[in-house]
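The values are calculated or read from the model by the stated rules, or taken from the named source; none is laboratory data. Owing to the predicted nature of the structure, the values given are computational and were not obtained by experimental measurement. Note: ideal-geometry Cβ built from the backbone for every residue, glycine included; neighbour counts use all protein chains shown.
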Amino acid sequence: MSKILALASNTYREAIRQKVLYSLLFFSFVLIVASYFLAQLSLGGVFAKIVKDVGMFSIFFFGIFLSITMGVSLVFKEVDRRTIYTILSKPVSRFEFVLGKYLGLTFVVFLETILMMVALYVVLAFYSTSVEWTLLKSAYLMFLEFCIIVAICLVFSSYSSSLMSSLFAFSFFVVGHLSDNFAKVLLNIAKRMQISSPLINNVADFVQIFNLDMFVIHTKIVHGMRVPTVYLWKSTLYALGWIVLCIVLSLLLFRRKDLK
């Protein structure tokens, strides 16, 4: 366990030295603050909604961007710089290496999410004295999606270049957010054409296996819709399932990788 934590700590230190992290944080802070002034141009009653909506979207957008840009280089960079030979020459297994890399970057993403949420709450404090803790539910689910994206990047980074890994990871991100809508459209078309087939239902269920849209709930929260705690538990278990699967796949691919 100490080796995993040491690798995670090293990954964290490497990540925070990259300029892209601070650039993303800067632009996200600017966008969150800008939402305050943008909202002042709106009609009364929707000021807070605009700030929260733009703020949460900023956190989501920059979080995904950070997860992909840094995630795709988790393993590839170590192989490309040949530093992996030094690491694995020590009593460190490939499992410890993969898990340590993953935990290190997820901690960076966690800090990024926390910092941007603090910025959003500071902006909201200028408008209202009450603290809306329900936004933390949305931030939590966003963080779970970031963790899934990092895990997916880890899989592709184990055998592909950074460019190809970025394309694959972004494709999975898009598919994950369109799968639920695609399934609904498919079932709606079948209903209109009066087609009743178990095959169509099975296809719709299969498409929804990888559904990232379930983690995006900030619009519901902004408009006052209630998100039950059981939904958070189900989303957590769903995310953990995909994370474990991706880590296992990346480990299998990494074990087959010839580093000699």
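Things worth noting here:
- Meets criteria (in a helix (DSSP H, G or I) and at pLDDT 85 or above) for residue 111: yes
- Set side by side, the residues 170, 182, 206 differ, and just one is at pLDDT 85 or above and either of a type outside the set (Asp, Glu) or outside any helix (DSSP H, G or I) (or both), which is 170.
- Pairs meeting the criteria (first residue in the stretch 50-79 and of a type in the set (S, T, N, Q), second residue surrounded by 19 or more Cβ atoms within 10 Å (Cβ to Cβ) and not in a helix (DSSP H, G or I), beta carbons under 8 Å, at least 6 apart or on different chains) are lacking.
Table: residues versus (1) under 27 Å from residue 251 (Cα atoms); (2) at pLDDT below 70; (3) touching a strand residue (DSSP E or B) at 6+ places or on another chain (Cβ under 7 Å).
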residue: 26; (1), (2), (3): no, no, no
residue: 32; (1), (2), (3): no, no, no
residue: 52; (1), (2), (3): no, no, no
residue: 77; (1), (2), (3): yes, no, no
residue: 87; (1), (2), (3): yes, yes, no
residue: 90; (1), (2), (3): yes, no, no
residue: 97; (1), (2), (3): yes, no, no
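- In the stretch 109-122, the residues that are surrounded by fewer than 21 Cβ atoms within 10 Å (Cβ to Cβ), touching a residue at least 40 places away in the same chain (Cβ under 8 Å) and within 29 Å of residue 251 (Cβ to Cβ): 113
- Within the stretch 114-133, one or more residues are modelled with pLDDT of 90 or more and under 16 Å from the mean Cα position of the chain (by Cα).
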